[in-house]
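*Asks:* A single structure is presented below for examination.
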Amino acid sequence: MKKQSVYAAVIGGGAAGLMCAVHAAKRYPDKRIAVIEKADRVGKKLLVTGNGRCNLSNLNASSADYHGEGSEQLVNILFEKYPPEAVLKSFKALGLFSRSDSEGRVYPLSNQASSVLDILRLNIKELGVEELCGFDIRDIGKTSSGFEITSTDRKVFAQKLVVATGGRADHAGRESGSADILRMLGLSTVKPTPSLSPVKVRCELLRSLKGVRADAIVTLMKGGKALKAERGEVQFAEDALSGICVFNLSREANKGGCELSLDLLPDYNTDDVRAEITRRVKNRPDSPADELFTGVFHKNLGLFILKSSGIKPSALCSDISDKEISALCKSVKDRRFTCEENHDFRKAQVTAGGIKLSEIDPKTFEARRIKDLYIVGEALDIDGDCGGYNLQFAFASGMCAGECL
C-alpha cells in the first residue's frame, strides 16, 4: 500500500476544496497540501454550474439568502471578512477576470465555467498542491498527530483535515460518498434533501402541461399559511413544477406536507380576473369554452384551467355559471399543487442538510469537538438561493479554512 504524509489533506476537489487548497498553499508555502478526490479529476461539478457559465458569486449576497439552522450568524461572521468583494479580489489575484450583471450575479469574463476551474487548477499546480484523484476513501481515523485517510491501495497521513465533500450526489445521480465520510467522523448531521430542484407534485392533469412555461407568483403554503413567495417563469413537467422561482422554494417543498399556490395572472387582482372572464363569457355565448382564454394563456394551460374548474372544453360559454366563473378565478389566481417528498438528487443544484452548523467555529470552520478538522462548503447544513449564493459561500468558506489551518 502506498503511503504518504502531508500537512493538510482536503477531501473533495470542488469549489470549496480547491479554493481552500489554494489559500492553504499560499498561507503555508513550505507545507505539503493535497486534494483528495474520488473522481478521475477535480472540478467536474463546477463545470456545469450556471448552465456552464459558472455564476461564481453575487455582489448582493447576505445572510438573508441562506438557509439552515444557525445560517444567519455563520454567514454574517464569514462575510465580515470574506464578502463577495473579497472572493472576487482573490480570483483576480489568481488571474481570473469577471463581470457582474444588473442583478449582481458574477460570471467569468469568458462566460465559461471552464475558465474558473482552469485558473484554480493552474494555481494549484504552481503552488505545488498535489491532486490525488481516483481516491475512494474506505476509512478515516483520528490519531494523536492527525488523521489517517485510507483507500484500497493508498494511505495518507495528514496533520490537518478539511472536509469539502459537497452534497449528496452529483448531476449524474452518483452518490458522492460524503454521507459515509460524515458518519466516519462522528459529527451530528441533518438529513440531506435536494434543494434548488424541481418539486414533485400530485396532479392528474399536469401531464398535459409538459413543456409549457408561464409567468406566475408561486407561494409556498404549509398548514394554510403562506411561508414564502417567488415570482418568475414556472416550467411544467409531467409530475413536477420547475423554474428558478420554484427552485427557491424547493428546500421546504421537497420535504412534503406543503402546497405550492400559483397565481397565473400576477399583474391582475381577483376582481379584475372575474370581470374579464365574465365579459368574455357574455360577449361570446356561442363560443366553446376552450376559446375562453385565447390571447391570455398557452392553449394547453387554458384547457388545464378549464378542466381544473370542472368545465368541459366543449361546453358553450353561455352554459358557464357564476359558480363556475368563481372556480375559474380560483384556478387562475390560486391553483394549488400538493408537494410530494422528493429524494431525487439528480436534478438538484445543491443539497440541503449536512453537518450541523453548531458543530463548527464560524470564525475558522474548525470542528468544535475534533481538533484540526475543518468542514466547508456544501458538506455543511447550509444552502443558498439561486443566483451565485452557493458558490459564494463555497469559495468564502474555503478561503477561511485555508487561511486558518
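The values are calculated or read from the model by the stated rules, or taken from the named source; none is laboratory data. In this text the structure is predicted, and so the values were computed from the model without any measurement. Ideal geometry is used to build each Cβ from the backbone, glycine not excepted, and the neighbour counts take in all protein chains shown. Surface accessibility is based on the protein's heavy atoms, side chains included, excluding ligands, DNA and RNA. Shrake-Rupley method; radii C 1.70, N 1.55, O 1.52, S 1.80 Å.
*Asks:* I need the full set of residues from the range 311-320 which are part of a loop (DSSP other than H, G, I, E, B) and either open to solvent by less than 50 Å² (accessible area, probe 1.4 Å) or charged (D, E, K, R) (or both), in order please.
*Replies:* 311, 312, 313, 315, 320
*Asks:* How many residues are more than 22 Å from residue 43 (Cα to Cα), under 29 Å from the mean Cα position of the chain (by Cα) and open to solvent by less than 50 Å² (accessible area, probe 1.4 Å) if we restrict to the range 114-152?
*Replies:* Count: 1.
*Asks:* Among 8, 21, 25, which is part of a helix (DSSP H, G or I), of a type in the set (A, V, I, L, M) and buried (at least 24 other Cβ atoms within 10 Å of the Cβ)?
*Replies:* None of the others qualify; the one that does is 21.
*Asks:* From the set of residues in the range 69-90 that are among the hydrophobic types (A, V, I, L, M, F, W, C) and closer than 15 Å to residue 398 by Cβ, which is surrounded by the fewest Cβ atoms within 10 Å (Cβ to Cβ)?
*Replies:* The extreme case among them is 86.
*Asks:* Further, regarding this structure: What number of residues in the range 350-385 are surrounded by fewer than 22 Cβ atoms within 10 Å (Cβ to Cβ) and either closer than 17 Å to residue 105 by Cα or out of contact with any Leu (no Cβ under 8 Å at 6 or more places or on another chain) (or both)?
*Replies:* The qualifying residues number 6.
*Asks:* Follow-up question, since we're still on this one. Please indicate, with yes or no, whether at least one residue in the range 325-348 is assigned to a loop (DSSP other than H, G, I, E, B), of a type in the set (A, V, I, L, M, F, W, C) and either modelled with pLDDT under 95 or open to solvent by less than 20 Å² (accessible area, probe 1.4 Å) (or both).
*Replies:* Within the range 325-348, one or more residues are assigned to a loop (DSSP other than H, G, I, E, B), of a type in the set (A, V, I, L, M, F, W, C) and either modelled with pLDDT under 95 or open to solvent by less than 20 Å² (accessible area, probe 1.4 Å) (or both).
*Asks:* Taking the condition of being closer than 16 Å to residue 204 by Cα, out of contact with any Ser or Thr (no Cβ under 6 Å at 6 or more places or on another chain) and open to solvent by 30 Å² or more (accessible area, probe 1.4 Å), how many residues in the range 289-310 meet it?
*Replies:* Here the count works out to 3.
*Asks:* Any idea which residue in the range 262-279 is nearest to the chain's Cα centre (by Cα), counting only those that are buried (at least 20 other Cβ atoms within 10 Å of the Cβ) and either at pLDDT below 95 or not in a loop (DSSP other than H, G, I, E, B) (or both)?
*Replies:* So, considering only residues that are buried (at least 20 other Cβ atoms within 10 Å of the Cβ) and either at pLDDT below 95 or not in a loop (DSSP other than H, G, I, E, B) (or both), the one nearest to the chain's Cα centre (by Cα) is 262.
*Asks:* Are any of the residues in the range 36-47 at pLDDT 95 or above and within 14 Å of residue 160 (Cα to Cα)?
*Replies:* Yes - at least one qualifying residue is present in the range 36-47.
*Asks:* Just to be sure I understand the filter: pairs with C-beta atoms under 7 Å, separated by 6 or more residues or on different chains, first member in the range 61-88 and in a loop (DSSP other than H, G, I, E, B), second member among the hydroxyl-bearing types (Ser, Thr, Tyr). Which pairs pass?
*Replies:* Correct list of pairs: 61/389; 70/358.
*Asks:* Enumerate the strands (runs of 3 or more DSSP E) found wholly within the range 146-259, keeping only those where 1 or more residues are at pLDDT 95 or above and of a type in the set (A, V, I, L, M, F, W, C).
*Replies:* 146-150, 154-163, 199-202, 213-222, 225-236, 240-242
*Asks:* Taking only pairs six or more apart or across chains, which ones have beta-carbon atoms under 8 Å, a first residue in the range 134-162 that is farther than 23 Å from residue 401 by Cα and among the acidic types (Asp, Glu), and a second residue that is part of a strand (DSSP E or B) and open to solvent by 60 Å² or more (accessible area, probe 1.4 Å)?
*Replies:* Hits for this filter: 153/2.
*Asks:* Quick one: would you say residue 93 is over 30 Å from residue 229 (Cβ atoms), outside any loop (DSSP other than H, G, I, E, B) and open to solvent by 60 Å² or more (accessible area, probe 1.4 Å)?
*Replies:* yes
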